[in-house]
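The values are calculated or read from the model by the stated rules, or taken from the named source; none is laboratory data. As the structure is a prediction and not an experimental result, all values here were calculated from the model. Here Cβ is always computed from backbone atoms with ideal geometry, including for glycine, and neighbour counts include all displayed protein chains. All accessible areas refer to the heavy atoms of the entire protein, side chains included, with ligands and DNA or RNA removed. Shrake-Rupley method; radii C 1.70, N 1.55, O 1.52, S 1.80 Å.
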Amino acid sequence: MKTFTVKPLAAVVSALAMTSLSHALLAQDAAPEVDKEVQIEEVMVTGYARSIQNSLDTKRNADTVVQAISAADIGGLPDVSIADALGRVPGITVTRSGGQAGTIQVRGMGEGFVFSTLNGREQVSPNGTRAMEFSQFPSELIQSVQVYMSPKASLIEGGVAGTVELKTANPLEMTEDQASDIYGAEPIGQRFSVSFQKKLFDDTLGVALGYAHLLQPRSATRFEQYNYEGEVYSLLEPNSRLNTTIVDRDFNAVPTDNRPAAVFMSDGFELFQTGGEETRDGYMAAIQFEPNEHLSVQSDLFYSKFESDSYSRGFRIQPLKNAEISNLVLFENIAVVGGEFKVGDTNPTAFNLQINSNDVTQTNELLSGGLNLKWKQDALTAALDLSHSDASGVQADGVVRAHLYRPKATPVAGFDAYERVPDQSMTYLLDGINRPSISLSRDYTQYDAAGVSNLRMTNYERYPRINDDVISAARFDLKYELELPLISSVEAGARYSERGRSQLERRVC
């Protein structure tokens, strides 16, 4: 048996405590016995701290590795969809398309290895794969999220990397209904949400309704250079050493006498501006009925429609290495970051100046609902769940390309009557991570007074894609609780699922 050493100060404190306790016991013995009923009022305080505690309890009491996000976590973060909230969970990476969070990866494994359920039911996806589009689910309408990092017998199979369980509101389990508690939610504006939850008939019937609307515009500018490491420009060419400026990391000019014989130079670049807007409407309804302690009936319905209309406008220009180059700007004496580039009579090779206009339209719809019956008698629990989920997605990508052409000196019928315009010049200068300054110029007057008429459409493509995914499923579970030291319960069940998918893709040129 292990013994402990009692220090003098600890011994004094213990003696004082024992003396006080003995006096208290003597006082209780001496006091007359009073038969009086004492009423104690219990006060329970709920709030954000309680929500965090619930999340920790979920992780602590789970019989597998699980990450949990509570309702306060979801409502307290400025997340557009539940995908943004999942991106804050350790081990989860969010895949974004056009800035919008969509699918997720768990511990480095791809989106196809992640299984997703809504209220315990397998869900469909409008993107033509099994990867769930979490951008479909407004964060305001989801009560909790649990991510199971390891398999469990009671989970539906399919989550190799992990299983994401989304849960909508349970009206009988609510503590308080205040839409103003949702961070960033406003009655009107770009992001609008409203919900209603009510307990009726002595807390035996609960009703929950919710609606969320999102209108989100976006814009961005993208600049990209081509083959920067693969193209070398020789400074030994005639006049190449003239009018050369060398800049440092802050793009300030610095003097130098040791200029290299060759530097790296990009073969071309592209500059695009993207924009558009996204609209999403989400609806949720749930009814929960518990007439007694044995029976629980719950039915829920979720519908979401997501529309996206985006565009990309810009140009590509190459090759630059064949042009007459002057007024070079070198970055730290290594790479070309600016200069004047010209093609004309002495260099008849024309720039491949391509004007691009891209449009992407997308419409996704998701409908999910089901009925859950649960009966509990002593240690036995039986549950039956019937569900149906339907998703459809329509996406169309459009591309229009145009080039500069001029009429040939000798008139020719048809499209061959035009040729690339050789006399073009371009000046650009990079500015670190900021947008560069670019100017294009050429003499239009000898070909056309308006000039812009020399821009000819050379290519048009459109790629429409239609995806449909439908699941109808039934699930029956039995659980019998045991009072054994090693086994707490025995569970068994059966599951039936029927899934149909279709995909149609066309190309129009």
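If you filter the range 214-268 down to residues that are of a type outside the set (D, E, K, R), in a loop (DSSP other than H, G, I, E, B) and touching a Lys or Arg at 6+ places or on another chain (Cβ under 8 Å), you find that the one that is modelled with the highest pLDDT is Met265. Count of the range 468-503 residues, restricted to those that are open to solvent by less than 80 Å² (accessible area, probe 1.4 Å) and either touching a Cys at 6+ places or on another chain (Cβ under 6 Å) or small (Gly, Ala, Ser) (or both), is 10.
None of Glu324, Glu307, Glu293 is among the acidic types (Asp, Glu) and modelled with pLDDT under 90 except Glu324. Screening Pro171 against (1) farther than 28 Å from Ile92 by Cβ; (2) surrounded by 18 or more Cβ atoms within 10 Å (Cβ to Cβ); (3) at pLDDT 85 or above; (4) not aliphatic (A, V, I, L, M) leaves a single unmet condition, (3).
Selection over the range 269-306 of residues that are within 16 Å of Gly370 (Cβ to Cβ) and of a type in the set (Gly, Ala, Ser) gives a count of 5.
If only one of Met149, Met132 is under 30 Å from Glu505 (Cα atoms), surrounded by 14 or more Cβ atoms within 10 Å (Cβ to Cβ) and either at pLDDT below 85 or out of contact with any Lys or Arg (no Cβ under 8 Å at 6 or more places or on another chain) (or both), which one is it? After ruling out the rest, the residue left standing is Met132. Residues in the range 305-330 that are in contact with an Asp or Glu (Cβ under 8 Å, 6 or more places away or on another chain), in a strand (DSSP E or B) and within 19 Å of Leu429 (Cβ to Cβ): 7 in all. Can you say whether Gly398 is within 30 Å of Phe223 (Cβ to Cβ), crowded, with 16+ Cβ neighbours inside 10 Å and modelled with pLDDT of 90 or more, as far as the supplied structure shows? Judged against the criteria, Gly398 is a match. When Ile287 is tested against (1) open to solvent by 50 Å² or more (accessible area, probe 1.4 Å); (2) hydrophobic (A, V, I, L, M, F, W, C); (3) part of a loop (DSSP other than H, G, I, E, B), just one condition goes unmet, and that condition is (3).
Taking the listed residues Arg506, Arg465, the one that is within 27 Å of Tyr311 (Cα to Cα) and loosely packed, with under 13 Cβ neighbours inside 10 Å is Arg506, with no other qualifying. No other residue among Ser368, Ser299, Ser326 is open to solvent by less than 20 Å² (accessible area, probe 1.4 Å) and polar (S, T, N, Q) apart from Ser368.
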